[in-house]
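Taken together, the values in this text are just the output of simple stated rules run on the coordinates, not laboratory data. These numbers were taken from a predicted model, which means no experiment stands behind them. Ideal geometry is used to build each Cβ from the backbone, glycine not excepted, and the neighbour counts take in all protein chains shown.
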Amino acid sequence: MFEDYGWLAWLGVAIALGAIEAATVDFVFAMLAGGALGGSVAAALGAPFPLQVVVALVVAGVLLGVARPWAKSRFGARPEGITMGTASYIGRSAFVTETVTQHGGRVKVGGETWSAKSSDPEPHEPGDEVRVVRGDHKGETGKVMRVLLKTGRIVVQGVNLVKKHRRARNPEEQSGIIEMEAPIHASNVMLLDPKSGEPTRTRRRIDTDGTKERLSVKSGVAIPRNR
């Protein structure tokens with residue numbers, strides 16, 4: 001029975017190995033699948049089972065030794081500047097699903113939910129001057145115009161400009177294309193040290209009268225609130 005349908009059995013093994021390869025993408029199981037296809041061809045040509053096994057092993061060995069290194073260098077190489085795993089999410093915007101503090105929180109990015117912690121103990125406020133420290137707009141500086149607490153995003157003056165069509169809402173307005181700031185995630189920016197003008201983390205100080213102050217970790221200088 002196996003002699004009549006041996007090629008089909010080898011083909012089934014090749015398909016199973018191909019499915020595993022699709023999940024691992026390491027080019028090992030793809031080479032083994034190639035060996036199984038070799039065994040399937042040998043079976044279809046009427047070769048005895050021991051010879052089918054030999055053919056499958058030889059083909060798989062050749063593919064692992066020759067084809068796999070080429071495939072990994074051609075398709076598995078990581079372009080410069082491209083990161084994998086959690087590092088690949090650095091600088092990307094995320095949707096806050098649970099309030100994020102220094103102690104924890106939950107965000108959704110790339111369709112997946114991750115735990116997250118804030119790098120700054122103090123929330124940003126309208127009027128704060130901040131600098132983007134990660135993401136596409138890294139290095140840009142501007143004042144916080146709006147804080148979106150529910151999404152963990154802020155709107156920074158002159159940063160992340162997008163063009164949008166505006167429809168006139170009254171006779172005095174004109175429809176047309178306008179340029180406006182789109183929100184960015186608050187974790188992408190840091191407050192500026194009043195002394196050096198460089199991005200800094202902050203710490204909190206409560207004065208004797210109960211007033212809360214934000215202090216620059218770099219210089220110890222208080223960062224004024226713009227209220």
List residues of the stretch 18-47, by number, whose backbone nitrogen lies under 19 Å from a label position 7 Å along Cα→C-beta of Ser73. 26-28, 31
May I ask you to order 159-171, 59-71 by the average number of other C-beta atoms within 10 Å around their residues, highest value first? 59-71, 159-171
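Going down the list Lys164/Lys212; Lys143/Lys218; Lys150/Lys212, which pairs span over 31 Å between their C-alpha atoms? Provide the component values of the computation, followed by the final result.
On the way: Lys164/Lys212 39 Å; Lys143/Lys218 20 Å; Lys150/Lys212 23 Å.
Where the Cα-Cα span goes over 31 Å, the pairs concerned are Lys164/Lys212.
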Report the Cα centroid-to-centroid distance between the stretch 122-159 and the stretch 4-79 in angstrom, as an integer. 53 Å
Give the peptides 31-43, 204-216, 5-17 in descending order of average Cβ contacts within 10 Å, highest first. 31-43, 5-17, 204-216
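So if we plug the beta-carbon distance of Ala222 and Val25 into 1/(1 + (r/R0)^6) with R0 = 45 Å, what FRET efficiency do we get, rounded to 0.05?
About 0.30, to the nearest 0.05.
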Excluding Gly176 itself, calculate the net charge of residues whose Cβ lies under 12 Å from the Cβ of Gly176, where each Lys or Arg counts +1 and each Asp or Glu counts -1. +2
